[in-house]
Every structure is written in C-alpha cells, then in structure tokens.
Amino acid sequence: MRRFAVVLRMLLLWPVLTPAVGAAQQAAPGREWPVAKPAALGLNAAVLDSIDGEIKAGKYGYVDRMLVIRHGKVAFNARYPHDYKAAYGDSAKVNNALNAHDLTGPFNYFNPWWHPTYRGGDLHTLQSVTKTVASVVIGAAVTRGDFPSLDTPILKFWDTTKVANIDARKRRITVRHLLTMTGGFDWNENLPYIDPNNTASGLEESPDWVAFTINRPMMREPGTQFNYSSGESVLLAHIFRQATGQDIEEYAAKYLFAPIGIERWFWKRTPSGSVDTEGGLYLEATDLARIWYLFTQGGVWNGTRVVSTDWVKQSVTPAVSTGSAASSPKYGFKWWLYADPLDATKFLWAGSGFGGQFPIAYPEQDMVVVFNSWNLLPGKASLPVRKMQERLAKAVVGK
C-alpha cells in the first residue's frame, strides 16, 4: 500500500516534476560559468569598478570576494586576499564566545585553518546562508515527494517523554514555523555573537545542539512573530532524518548539488554528529551562485526540475516581516526578501551569513551577486548591504 501511495503521489505531482523550459529560462552553466564584459551584459562597468576600488581600499573591512553574474554569464569576479592569521590570530587562542571553547576546531571563528575558508582553500564559510541552502534541500525533498506536509507538528519527530518544557504552544510548532523563524522559542540572538549572553553561544557550547534547542521553553505562540533563531534551523537536520530516513547532506549531494553541478563542498557536523544546518556549509562563490541562479530559473536546471515552481514561489513570498519599520526586509522560507530598489512592489532574494556572506538574486534584472567577507567584531567596518543592493541594481544600464 505504501508503494502504491508513493506512485499515486508521483502521478499527481507529474506536472510539477516534468522538466519545464519557458521563455524566462536559459541555458545553465557547465562546470565553468561563461564570462562576458559588463557592457555586453547591460551593466555599467564604472559602478562595478568603483565598488571594487572601495573594497581594495579597505572601506568595508575584510571582503574576500565579489561576484556578479547576469544573463547566466560572469560580468565581474574579484578575490581580495587577507592574512587572517595576522588579523585574528591572537583572538583564536583566547576563550571567548566566538570560539565556543573550541580553540583548534571548526567552531573557533578566529582560527584561519577553518575560517573563513576551509583549510585555507577556496571553499568559503557561508554561515547562516546555510539556513537558506537547507531550505532548498527540503524543497527538493518536497518536490520529490520525500518530505511530509510543512504543517506537520515538529514534536511528531521526537520522543516527547525526553523533551523538556512541553506546553500547548510547543505542541503547535510546525515545520513551516521553523522555516519562517516563527517557532516561538525563548531565544535571544539579537546580541553580538561575541556576547556570551547570545543564546547561539550557549547552543555552540552545548554537546547536543538539537536537544539544547528543542528543550528551550516557549516565549510566544508559534507563527505570530519573527524571532531570529539559529536553533530553529538546527532542528531541521533532525527532522529531515526522521521524516525521510536520510541524512540531509547526503540528500543535498544527490538531489541538489549534483543536478546543478556543485562537486565540492564541506559541511560541518555538530558535536553530536548532526549536520549543522544553521551555519556549517562551505562553498566556492561560483557554486553558491548556482543555487541562487536555480531560483531565478524557477527551479529548473538545463531542463531538469530540481525544486518545484511552487516551492520557489513559496520560498520567496513574504511570510513575515523581520521588524516593525517599513523598510525592514521580509522573510520567506529562510530567504531574506528586500524591496527591489527599482520597483518597491518586487523583491530581491537574499541570504545573510555572519561575517558578511551575502548572495543576492535580482530576479527582475536576471542577475546574481555574491559577496563573501569575514568581519567578526562589532563596531568595525563592514559591507553596507542595502546600499550595495541599490548601487548594483542601478548598475543595470538604462535603469
């Protein structure tokens, strides 16, 4: 019966799973992205050169990479090397909230062997952009019929006799709430990460991140308010394994990375062995851009459906505002949604990671931008994300 149900479900989803190539889709890159001059892609090279000069002058602290892709071709690709051993070496040796008492390991954010690149190579830490990628993997599983309804209560995936602080509100948390950061847990991640009172610091110091999060008391009714919580993303790795019987990294390798040509990555594990779905993924910038490009193409890669059109739409449709100000970005399924500087009725689709990881899709301009940085300490120079979004949008000739 179970096999029949799966087959029936696949038949019902057939229109979604069938490759769909429309006017908005174009050839995806092979192993290497094609390259073209900015002018040939309708971009003002002077704007890109101006930003490049400011980065080289150190105006925005430690920026490692700026990549601009338009119409599926690389228009600008610059690396900015830094001596991170000199920059953060002393901090790497002293216990503080940014090394999680892990002086030689992957959760010491000052350790240049692990940060910002994996073992000094070209795979750059994504930090919380990992959250967005984990959401895309869940989307691939939903598309393939391997993942249950997003409205499933999350406690279904735990032995509730071993979960603390259960009340009626915790019983009402669903997977959808975790994807939109509206789970309602008592969690304060609004402090600088070097502050030991940041709840994420307690998370990273704990031996079991999943248990640390699911056992937190509740603060509010699920679904009522955005509250940034890395712990809610940690729970997704556990839920994915319980729901599908598969490891989320292995699933990503087969059903997301392979179809779109990502061959190299590193994904950290938490102390208990769970995949770090809140901040553990490392990718090279041009491969990170593939995931954002996939979404601009409606979830199809060279005729192969990776995630459904519906999943793309849900992911980048505002589910909640991240703040009370009118200018506050909205939030979808782990996607940060900023008003398009050229049309406030539309959105840019972004990720955001500690230190300055900013992949951005400009769907109306058919453009993907990736910034990698490693600015760790509060009060120091960093990339002005919103201003950069505006400058790059206006770099499109005629806009």
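Quick one: which of W301, W267 is more than 21 Å from Q127 (Cα to Cα), hydrophobic (A, V, I, L, M, F, W, C), touching a helix residue (DSSP H, G or I) at 6+ places or on another chain (Cβ under 7 Å) and in contact (Cβ under 8 Å) with a residue 12 or more places away in the chain? Result of the check over W301, W267: W301. Considering region 340-381, and only residues there that are of a type in the set (D, E, K, R) and touching a helix residue (DSSP H, G or I) at 6+ places or on another chain (Cβ under 8 Å), the residue that is surrounded by the fewest Cβ atoms within 10 Å (Cβ to Cβ) turns out to be D343. When L337 is tested against (1) in contact with a Phe, Trp or Tyr (Cβ under 6 Å, 6 or more places away or on another chain); (2) surrounded by fewer than 18 Cβ atoms within 10 Å (Cβ to Cβ), exactly one condition is not met: (2). Note on region 4-43: residues that are farther than 20 Å from D287 by Cα, assigned to a loop (DSSP other than H, G, I, E, B) and either touching a strand residue (DSSP E or B) at 6+ places or on another chain (Cβ under 8 Å) or at pLDDT below 50 (or both) amount to 9. Candidates are the residues of region 99-120 that are among the small types (G, A, S) and assigned to a loop (DSSP other than H, G, I, E, B); the one that is nearest to D83 (Cα to Cα) is G105.
Within region 339-396, the residues that satisfy the criterion of being in contact (Cβ under 8 Å) with a residue 40 or more places away in the chain and of a type in the set (K, R) are K380, R386, R391, K394.
Residues are listed down the side, and each one gets a yes or a no for (1) free of Cβ contacts under 8 Å to residues at least 60 places away in the same chain; (2) closer than 30 Å to D122 by Cβ:
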position: D186; (1), (2): yes, no
position: I194; (1), (2): no, yes
position: P207; (1), (2): no, no
position: R216; (1), (2): yes, no
position: L256; (1), (2): no, yes
position: P259; (1), (2): yes, yes
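Quick check on region 188-205. Is at least one of its residues more than 19 Å from the chain's Cα centre (by Cα), at pLDDT 95 or above and in a strand (DSSP E or B)? No, every residue in region 188-205 fails to be more than 19 Å from the chain's Cα centre (by Cα), at pLDDT 95 or above and in a strand (DSSP E or B).
The values are calculated or read from the model by the stated rules, or taken from the named source; none is laboratory data. What you are looking at is a predicted structure, and each value in this text was computed from that prediction instead of being measured. Cβ coordinates were reconstructed from backbone atoms using ideal geometry, including for glycine residues, and neighbour counts include every protein chain displayed.
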